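Structure record follows, encoded as C-alpha cells.
The values are calculated or read from the model by the stated rules, or taken from the named source; none is laboratory data. Please read these numbers as outputs of a predicted model, since none were measured by experiment. Glycine gets a Cβ as well: all are built from the backbone with ideal geometry, and neighbour counts include every protein chain shown. Please note that ligands, DNA and RNA were not included when accessible areas were found on the heavy atoms of the full protein model with its side chains. Shrake-Rupley method; radii C 1.70, N 1.55, O 1.52, S 1.80 Å.
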Amino acid sequence: MTKINIETLDYTQLAKVFDHAILKPEQTTQDVEKGCQLALDYDTKSVCVKPCDVKQASEILKGSNVLVGTVISFPHGNSPTSAKVAEALQAIEDGAIELDVVMNIGHLKSGLYDECQKELETIIKTCKAKNSNVIFKIIFENAYLTKDEIIKACKITEAAGAEFVKTSTGFASSGATFDDIELMRSNVSDHIEVKASGGIKTLDQVITFLQKGVTRCGSSSTDQILEEFKKRKQ
C-alpha cells in the first residue's frame with residue numbers, strides 16, 4: 001500500500017481515489033446512466049452500483065478506465081453465505097470487478113468470529129476461482145461496532161484474503177470517522193487498503209482521510225469534491 005502524498009496530489013490521483021456511489025434505493029436506471037457518465041467525465045476509479053445495475057453500468061463503461069463495482073448483502077450483511085456467494089458470482093458474470101461485501105454484523109457482535117471469517121473466505125475463494133482479478137472490500141458498518149469489534153473485523157478481513165477494509169455502507173446512523181480510520185489502518189498490514197465511506201461530502205474530509213492512510217473513498221458527492229479541488233488549484 002502506497003500512501004498518497006498530499007503535498008504533490010494532482011487531479012488524476014485524487015479522482016482515482018473515488019468509487020462514485022449510485023446506491024440509493026430510489027435511484028433509477030436513468031440515474032445509473034447519469035452516474036456512469038459522471039464517473040467517465042471525472043475519470044474516477046470506479047462506480048459502485050446496486051447489483052441489479054451492474055450489467056447496465058458494465059455496458060456503459062466498457063472499454064473505459066472506470067471500473068465497475070457493486071455491493072453484496074447490502075446494507076445489513078444478513079444473507080446466508082450461499083446467497084452471498086450466488087449474488088457475488090452473478091455480479092462478476094454481469095461485469096463487476098470490485099465487490100464491497102457487508103460482513104454479518106449481528107454474527108460479529110455475537111462473537112462468532114470463526115463463522116464470519118469462514119463466510120468471507122468462502123465468498124472470496126469461490127469468486128477468485130471465477131476471476132482472480134476481483135477485488136474485495138469488506139464493509140464493517142462501524143456505527144454498530146465497538147472499537148474492539150472493529151479491530152476484530154480488521155483481523156478477520158485480512159485473514160480471509162480481502163484487499164480492503166471499509167468503514168460503512170452510508171445507510172447507518174453514521175459513516176466514516178477519522179478515529180475509526182486511524183484504528184483500522186493501525187490494525188491491518190501495510191498491503192491491506194482502507195476505504196472510507198458514509199457522509200463524505202467535502203474536499204477537506206477527503207484530504208484528512210488520505211492523510212490518515214485511506215486509499216479509496218466512496219461518495220455520491222464526487223463531482224462537488226473534485227470541482228472544489230480544481231478551484232483550489234487555480
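Points worth noting:
- Of the residues contained in the stretch 64-83, one or more are found to be crowded, with 17+ Cβ neighbours inside 10 Å, of a type in the set (Ser, Thr, Tyr) and either in contact with a Pro (Cβ under 7 Å, 6 or more places away or on another chain) or at pLDDT below 95 (or both).
- Any hit, the stretch 114-135, residues being over 19 Å from the mean Cα position of the chain (by Cα) and farther than 18 Å from ILE72 by Cβ: yes
- Residue count for the stretch 216-234, restricted to those that are part of a loop (DSSP other than H, G, I, E, B) and either open to solvent by less than 30 Å² (accessible area, probe 1.4 Å) or in contact with a helix residue (DSSP H, G or I) (Cβ under 7 Å, 6 or more places away or on another chain) (or both): 1
- Restricting attention to the stretch 87-119, the residues that are in a helix (DSSP H, G or I) and surrounded by fewer than 22 Cβ atoms within 10 Å (Cβ to Cβ) add up to 14.
- Selection from the stretch 14-35 of residues that are more than 21 Å from PHE171 (Cβ to Cβ) and of a type in the set (A, V, I, L, M, F, W, C): LEU14, ALA15, VAL17
- Filter result (open to solvent by 40 Å² or more (accessible area, probe 1.4 Å), in contact with a Ser or Thr (Cβ under 8 Å, 6 or more places away or on another chain) and in a helix (DSSP H, G or I)) within the stretch 173-185: PHE178
- Whichever residue in the stretch 131-145 is more than 16 Å from ASN187 (Cβ to Cβ) and assigned to a loop (DSSP other than H, G, I, E, B) and, among such residues, is most open to solvent (accessible area, probe 1.4 Å): ASN133
- Among the candidates GLY213, GLY199, GLY170, the residue that is open to solvent by less than 10 Å² (accessible area, probe 1.4 Å) and either in contact with a Pro (Cβ under 8 Å, 6 or more places away or on another chain) or on the phi > 0 side of the Ramachandran plot (or both) is uniquely GLY213.
The rows are residues; the columns are (1) in contact with a helix residue (DSSP H, G or I) (Cβ under 8 Å, 6 or more places away or on another chain); (2) farther than 28 Å from ALA86 by Cβ.
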| site | (1), (2) |
| --- | --- |
| LEU145 | yes, no |
| LYS152 | yes, no |
| VAL165 | yes, no |
| SER168 | yes, no |
| ASP190 | no, yes |
| LYS201 | yes, yes |
| THR208 | yes, yes |
| LYS212 | yes, yes |
